[in-house]
1. Just checking, does region 81-90 include any residue being in contact (Cβ under 8 Å) with a residue 24 or more places away in the chain and more than 16 Å from Ala122 (Cβ to Cβ)?
2. Out of the residues in region 162-206 that are touching a residue at least 24 places away in the same chain (Cβ under 8 Å) and acidic (Asp, Glu), which is surrounded by the most Cβ atoms within 10 Å (Cβ to Cβ)?
3. Only one of these is of a type outside the set (Val, Ile, Thr) and at positive phi: Gly150, Gly131. Name it.
4. Are any residues in region 1-60 at pLDDT below 95 and crowded, with 19+ Cβ neighbours inside 10 Å, and if so, which ones?
5. In region 99-146, how many are farther than 28 Å from Glu29 by Cα, polar (S, T, N, Q) and without any contact (Cβ under 8 Å) to a residue 40 or more places away in the chain?
6. Going through region 318-338 one residue at a time, which ones are assigned to a helix (DSSP H, G or I) and of a type in the set (A, V, I, L, M, F, W, C)?
7. Only residues in region 31-53 that are free of Cβ contacts under 8 Å to residues at least 40 places away in the same chain count as the first member; pair them with residues that are of a type in the set (Lys, Arg) and buried (at least 21 other Cβ atoms within 10 Å of the Cβ), Cβ under 6 angstrom, at least 6 apart or cross-chain, and list the lot.
Amino acid sequence: MTYDPLKVSAQQILETNILAYWLKLRDHERGGFYGRVDGDEQCHPDAPRGAVLNARILWAFSAAYRVLGKKEYLDAAKEAKRYIEACFIDPDYGGVYWSVTAEGKPLDTHKQFYAQAFMLYAFSEYIRATGDTQAMPVADALFRLIEEYGRDREYLGYIEAASRNWQPLSDMRLSDKDENTIKSQNTNLHILEAYTNYFRIRPLSELRGALSLLIDTFQHYIMLPSGHLGLFFDEQWRPTNDHFSAGHDIECSWLLNEAADVLGINCTATVLRLAEAAKQGIHPDGSIGEQTWWEQAEAVVGFFNLGQITNDQSPMELALRTYSYIQDVLIDRTHGEWFWSVMPDGTPDRTQDKAGFWKCPYHNSRMCLEIMERLK
């Protein structure tokens, strides 16, 4: 089977549907990008701006420039980088704030390690795309801070959060939907992802050791006997519930494979178990999990990756089914970008943001870029 039409389609979605939408959200008056567009397509220029959103904007435009070489993507990446350096980086204690006001002033100043990881991921991609080593001190500092204050050297892995000056917090939750536990699969997954990208531009021996140990932590503690990833854990990696997320299972399968690849090690058995577990979340219409936009994007990449490493057509067919679901129901062909999810009656869920703290040009643009690069 030839996948050339899929590559063309992915590039069209990336450029005309996703990136074109985000280019329109640049705030030419105050700098950076607007912090929120609601589900009814109303922009909220005065909304607070989140660290995760801005890091993911920087990552997306940097990665798009690396692959496509277009000046408008480089300009957007440079603006995102400039704004982050001016507004999010804490000049006193280092690291990045969780949020700032629309005017760029510190708002929530605590240090979520999830946010530090995404900033490291984004700056690594910017350096990888541009060769601008003047941005390296920011990446280096973020890595050192995560290692110094986030890493649990006794029980392994990384904790959730700290105060502005890196002291313990009573409430470590990433969001209101999360449990207040000291460790989570989600934060450790995105530290893994960040360290993988950082290693590409900075293959330090200390980083190699940290990334290798984190891979082991996933294999021995975060992945449960069921093959699913646990979600929340106490300090000693005892899960606090028996829930699982098919979206995270399939996302982790390919991110873990990518991390092992950059280190030159093999964790194929774990990748296969995770992908197999994720299949339990597939619905008859080809969607997966809770049917949110990010899960569908990660399923396409995860099952495509599974097909490539096993040389098996059936995972590719799963990826294509989910890709069709995305095209049929998630892409907003009127205004651009993707809807958060679809309601039970088949209509778009407009109660959730089109752009905001958690709705960013990351999962979907990465899906497109992964398809394009894997089909070169």
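1. yes
2. Out of the qualifying residues, it is Glu193.
3. Gly131
4. Listed by number, the list holds a single entry, Leu6.
5. Total satisfying the criteria: 1.
6. Of everything in region 318-338, those that are assigned to a helix (DSSP H, G or I) and of a type in the set (A, V, I, L, M, F, W, C) turn out to be Leu318, Ala319, Leu320, Ile326, Val329, Leu330.
7. Matching pairs, first to second residue: His44/Arg36.
Every residue, every condition in (1) closer than 15 Å to Leu320 by Cβ; (2) surrounded by fewer than 21 Cβ atoms within 10 Å (Cβ to Cβ), yes or no:
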{"residue": "Gly230", "(1), (2)": "no, no"}
{"residue": "Phe233", "(1), (2)": "no, no"}
{"residue": "Asp249", "(1), (2)": "no, no"}
{"residue": "Cys252", "(1), (2)": "no, no"}
{"residue": "Ala260", "(1), (2)": "no, yes"}
{"residue": "Glu276", "(1), (2)": "no, yes"}
{"residue": "Val300", "(1), (2)": "yes, no"}
{"residue": "Asn305", "(1), (2)": "yes, no"}
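The values are calculated or read from the model by the stated rules, or taken from the named source; none is laboratory data. All values derive from a computational prediction rather than experimental measurement. Cβ: placed from backbone, ideal geometry, glycine included. Neighbour counts: every protein chain shown.
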